[in-house]
Amino acid sequence: MTQMNEKFCQSCGMPMTEEGLYGLEANGEKSSDYCKYCYAEGKFVTENLSVHEMVAICVPHMKAQGFTEEKATEMMNNFLPTLKRWK
Ligand SMILES: [Zn+2]
């Protein structure tokens with residue numbers, strides 16, 4: 001049985017289900033923490049983003065997966081601040 005060691009992007013909280021989802025460091029190596037939508041060439045794609053702005057970005061994706069806006073906002077407000085980028 002394979003070990004369930006689920007990783008999440010430490011910026012947006014997206015499940016990192018594929019190798020190709022990881023962002024790249026400045027030297028071309030794969031980031032171990034961040035997805036390609038958040039991180040490229042060693043830095044965040046959107047710098048100076050607040051955790052609240054990230055919540056606003058994530059909520060529509062959650063709604064597309066069937067969550068209500070209220071529930072999605074609550075979940076992201078609880079989850080995103082625990083990630084490395086926002087600590
Ligand atoms: Zn991300």
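For segment 11-31, backbone nitrogen atoms closer than 17 Å to the point 7 Å from residue 75 Cα along Cα-to-C-beta are found at 11-17. Among 72, 26, 64, the residue with the largest mean-square fluctuation in a Gaussian network model of the chain, with springs joining Cα atoms closer than 10 Å, is 64.
So how much slack lies between residue 37 and residue 63, counting 0.36 nm per residue of separation and subtracting their Cα-Cα distance, in nm?
On the way: separation 26, 0.36 × 26 = 9.36 nm, distance 1.88 nm.
Extending this stretch completely gives an extra 7.5 nm.
The smallest convex shape that holds all Cα atoms of segment 1-52, its convex hull, gives 73 Å³ per residue.
Sparse packing (at most 14 other Cβ atoms within 10 Å of the Cβ) combined with a DSSP loop state is found for the following GluC sites (Glu not before Pro) in segment 1-71: 6, 18, 29, 41, 47. Mind listing the long-range amide H neighbours of residue 23? Cut-off is under 5 Å, sequence gap 5 or more, other chains count too, H placed in the peptide plane at 1.01 Å from N. Under 5 Å from the amide H of residue 23 lie the amide H atoms of 31, 34, 35, 36, each far enough along the sequence or on another chain. Computed over segment 45-87, the Cα gyration tensor eigenvalues convert (square root of 5λ each) into semi-axes of 19, 11, 7 Å, ordered from largest to smallest. For the chain, the number of Lys pairs with C-alpha atoms closer than 25 Å, counting only pairs eight or more positions apart or on separate chains, is 19. Pairwise alpha-carbon distances in the chain exceed 17 Å for 50% of all pairs.
When the residues 36, 87 are ordered by accessible surface, computed with a 1.4 Å probe over the protein chains alone, the sequence from largest down reads 87, 36.
The values are calculated or read from the model by the stated rules, or taken from the named source; none is laboratory data. It should be emphasised that the depicted structure is a prediction, and the values quoted were computed from it without experimental measurement. Every residue, glycine among them, receives a Cβ derived from its backbone with ideal geometry; neighbour counts consider all protein chains shown. Heavy atoms of the whole protein, side chains included, go into the accessibility calculation; ligands, DNA and RNA do not. Shrake-Rupley method; radii C 1.70, N 1.55, O 1.52, S 1.80 Å.
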